[in-house]
Amino acid sequence: MWGLLPLYWDLLDSTGPVELLAHRVVWSLPTALLLLAVVRDWGWIRPLLRQPKRLALVAASATLITVNWYVFIWSVAEGHVLEASLGYFINPLLTIALGVLVLRERLRRAQWAAVAIGGLAVVVMSVAYGQVPWISLILSVSFGTYGLVKKTTGLDGLQGFSADSAFQFLPALVFVLVLGARGDGTFTAEGPGHALLLVSSGLATALPLIFFGAAAMRVPLSMIGMMQYIAPVCMFLLGLLVFDEEMPPERWAGFLLVWVALTVLTWDALRQARVNRRTVAARVPGRPAGRDGAAAPAEGRPVGS
């Protein structure tokens, strides 16, 4: 869903990026409230309102994701889908760097190598283009920092999305109403199909975030990390094959370096996951080993669940 979003925003190309962002925010809150009503999950709201520090974190996450959404919508409108996809390829590397700088996490040698290669890719493209790939960096920094902030709020996928939407809602609603009053909005000017697409932008925003939150509770982290490459791969292919964006040699060089870094990162994650499984198996007596030396999973329960 994330990887195909450029196609959705392209259908709304007659709407400016700021107006499209405002509608995306406005229609996200009703979508979130409807989903909360379906699952009957309201108990977290009152405790959150009593904790100013957590509210400040939610405000920060709402601001970061708003910046991320705007830059992404703008990049699609201005024909920079390839550079946007690069931002999400860089994101796993930046997330690791944030873990070191902010959370004081320790990296293995392969992780250091991956981060260094990713940094080299940014330098190569900056020198080749004569400017820093700021679209890629803003997208990766904003989403990486957003993930770091969300890690500390203690809210699950739907709760976090609902809280962010509540903070974003009022300024976006005021903007949409003022734009409509001035006669500059496209909500009623482009026909019912266009209006329906704008209303559905809330659902298009909510579903990937909520599904991601649900998957994070059920799928091993190493698998989630690899699956996160699906979205930028889709964006890359769309930019190259559908939107016909240029891919000069220097851009290929930068992308190839990032892909090498991600390959190193993925190999290291898989290797470490296998080591962890063997360590756990050695500590659990009476369980038969699998073909790779790890303990066979308990009946009806996959490894890592």
Checklist outcome for this item: In the stretch 159-194, anything open to solvent by less than 60 Å² (accessible area, probe 1.4 Å) and not small (Gly, Ala, Ser) is listed as GLN159, PHE161, ASP164, GLN168, PHE169, LEU173, VAL176, LEU179, THR186, HIS194
Checklist entry - Only one residue in ALA113, ALA62 is touching a helix residue (DSSP H, G or I) at 6+ places or on another chain (Cβ under 6 Å), open to solvent by 10 Å² or more (accessible area, probe 1.4 Å), touching a residue at least 12 places away in the same chain (Cβ under 8 Å) and over 20 Å from MET227 (Cα atoms). Which one? => result ALA113
Checklist entry - What is the residue count in the stretch 116-141 for residues that are in a helix (DSSP H, G or I) and in contact with a Ser or Thr (Cβ under 9 Å, 6 or more places away or on another chain)? => result 6
Checklist outcome for this item: Pairing a residue in the stretch 24-45 that is outside any helix (DSSP H, G or I) with any residue that is of a type in the set (S, T, N, Q), where Cβ atoms lie under 6 Å and the two sit 6 or more apart in sequence or on different chains, gives TRP27/SER201; TRP44/GLN159
Checklist entry - Tally time: how many residues in the stretch 21-39 are more than 14 Å from GLY180 (Cβ to Cβ) and touching a helix residue (DSSP H, G or I) at 6+ places or on another chain (Cβ under 9 Å)? => result 13
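Taking the stated definitions as given, is LEU103 assigned to a helix (DSSP H, G or I) and either modelled with pLDDT of 75 or more or not polar (S, T, N, Q) (or both)?
Judged against the criteria, LEU103 is not a match.
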Checklist entry - Just checking, how many residues over the stretch 226-277 are assigned to a loop (DSSP other than H, G, I, E, B) and over 21 Å from ALA121 (Cβ atoms)? => result 2
Checklist entry - Does ALA128 satisfy being crowded, with 20+ Cβ neighbours inside 10 Å, more than 15 Å from the chain's Cα centre (by Cα) and among the hydrophobic types (A, V, I, L, M, F, W, C)? => result no
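The values are calculated or read from the model by the stated rules, or taken from the named source; none is laboratory data. These numbers were taken from a predicted model, which means no experiment stands behind them. Positions of Cβ are backbone-derived with ideal geometry, glycine not excepted, and every protein chain shown enters the neighbour counts. Quick note on the areas: whole protein, heavy atoms, side chains included, nothing else; ligands and nucleic acids left out. Shrake-Rupley method; radii C 1.70, N 1.55, O 1.52, S 1.80 Å.
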